[in-house]
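Below is one structure, written out as structure tokens; comments come after it.
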Amino acid sequence: MSDDARRIPLYQKREAIHPRAVSGRFQRLRDITVWLTLGAYLLLPWLSWDGRQAILFDLPARQFHVFGITFWPQDFILLSWLLILLAFMLFVATVFAGRVYCGYVCPQTTWTRFFTWIEHLTEGDRNARQRLDKAPWSRNKLLRRGSKHLLWWALASLTGITFVGYFTPIDSLVWRAFVWQLGQWEIIWIAFFTVATYLNAGWLREQVCIYMCPYARFQSAMFDRDTLIVSYDESRGEPRERGKRRRDEQAGDCIDCELCVQVCPTGIDIRDGLQYECITCAACIDACDNVMDQISRPRGLIRYTTENALQGQPSRLLRPRLLGYLVLLGVMTLLLAASLATRVPLGIDVIRDRGQLYRMASDGFIENSYQLRIMNRSQQTRTLVIGLDAPAGLQWRYGEQHLVLEPGASRILPVTLGYDPYQQHLNSTAIRFTLEDESHARYVRARESRFIAPRD
Ligand code: SF4
Ligand code: SF4
């Protein structure tokens, strides 16, 4: 055996995949979903709410504005709850319809679709692109390739600057980008997301789904025999016979035209069975339906179906397991909505002066000192009243009890409480500071602390 024959390459060079353009009902639906996804991503930071950017993750101020609601680090639990809810929604969607998220709304799918569309626009459809790949460099190739990469960079830059626009007011960001006055970190993050978008959607494409996406790896564990999958109906299609003119009476409906393979963005042949590379984009369904129309056979040789249905078993989409998940999802959503609706956008923290347990004032009063941190976590100016729940005789000696706080503002208030030991006997006791919004009776917050009195 020669040396060459024994040499096994450890790295197999990737064959570029040039999916053929296809039209059909599922691709029209995908057009709608990817436009909605891209449109929402690009437009959301430009929306205003109460005179402020509707969605703004203001990291320096540690405030997350989501439409009318401002989240603070203390609300992290609500944000975590929201993320858990979204993850569970994805889980339920996967149990019901497999990788429908991957095929229709995943950012990787969305951006790749737009990048492929640009490629189609500048270099032509599959065959033209394959020819251009093999052709030597010429003026035509340079022009086509150059315009493709220029447009790719333009979309990637738009993506990068929009991403940073979720973290810093986008109108000033765009203006500063035009006049070259961006900050160092802004430049770094815009550059990072621009390059990441260009590489992911332009070069890596299906490799992100196949090798890098963790969701692709574990979601098949969520499938059951009634999950909707894109599948080739072998009983109807086989034995396949190439060519539109059927010669064999026994031949199946598949004419082996390979259009389902040519349109596949991950380059697989769905006729080989369910594969983890399949992102459920349904391009093969549309391609095959078009072929079936041409040869006057019923559509659906490749279709959304379930494993049970394919094997002639009864299949139920709304099965108890899924209904259980839907009920759980509904309960989780209601709980989150209730938490948001009843959320009190005020905060109070109490720090007792740890320097001394108590002190005796010049008028003989026994005093304790505190620092109250008062926060207005809403987007309106609020008039606040600070109250005290304490045993009779304990008096508010020093510190404001009324204050007006701007939206998102916080103040530290020194407060002194005390009692007259000649008038009243008092042991160390638990006390409670309350914070109320004067014009909103429901907005009340309270914090416990202690008053330390001398021992008898
Ligand atoms: S598109 Fe349909 S007919 Fe053509 S090869 Fe695929 S399954 Fe067969
Ligand atoms: S097999 Fe069909 S549904 Fe799956 S990725 Fe390829 S074209 Fe899309």
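Neighbour counts of other Cβ atoms within 10 Å put C213, C288, C254 in the fewest-to-most order C213, C254, C288.
At a Förster distance of 60 Å, what's the computed FRET efficiency of E406 paired with L199, Cβ-Cβ distance as r, to 0.05? Result of the calculation: an efficiency of 0.85. On full extension, the segment bounded by L274 and L317 gains 13.6 nm, given 0.36 nm per residue less the C-alpha separation.
Quick check: the angle from helix 107-123's long axis to the longest principal axis of the chain, C-alpha only, nearest 10 degrees? On a 0 to 90 degree scale, this one is about 40. In a simple Cβ point-charge model (Lys, Arg +1; Asp, Glu -1; nothing else charged), region 346-451 has a dipole of about 360 debye relative to its Cα centre.
Modelled spin-label separation between Q184 and R7, with each label point placed 7 Å from Cα along the Cα-to-Cβ direction: 4.8 nm. Note down the net charge around I268, summing +1 for each Lys or Arg and -1 for each Asp or Glu among other residues with Cβ under 10 Å from its Cβ. Net charge in that neighbourhood comes out at -3.
Relative contact order for region 273-338: 18 percent, from Cα pairs under 8 Å spaced at least 6 residues apart, divided by residue count.
Round to the nearest 10 and give me the degree value, 0 to 90, for the angle of helix 283-294's Cα axis relative to the longest principal axis of the chain. Between helix and principal axis, roughly 40 degrees. Each label point was placed 7 Å from the Cα along the Cα-to-Cβ direction; for D171 and L86 their separation is 2.6 nm. If R₀ is 25 angstrom, what is the calculated FRET efficiency for the pair L79 and R442, using the beta carbon separation as r and rounding to 0.05? E between L79 and R442, to the nearest 0.05, is 0.65. Near A16, once Lys and Arg are set to +1 and Asp and Glu to -1 for all other residues with Cβ below 12 Å from its Cβ, the sum equals +1. Calculated mean residue ellipticity at 222 nm for the chain: -12000 deg cm²/dmol, from DSSP H runs with n ≥ 4 weighted as -39500 (n - 2.57), summed, divided by the residue count and rounded to 500. Among the lysines of the chain, pairs that are 8 or more positions apart or on different chains and have alpha carbons within less than 27 Å of each other number 4.
Each reported figure results from applying straightforward, stated rules to the coordinates on display, with no laboratory input. From a predicted model like this one, the values you see are computed outputs, not experimental measurements. For neighbour counting, all protein chains shown are included, and Cβ atoms are generated from backbone atoms with ideal geometry for every residue, glycine included.
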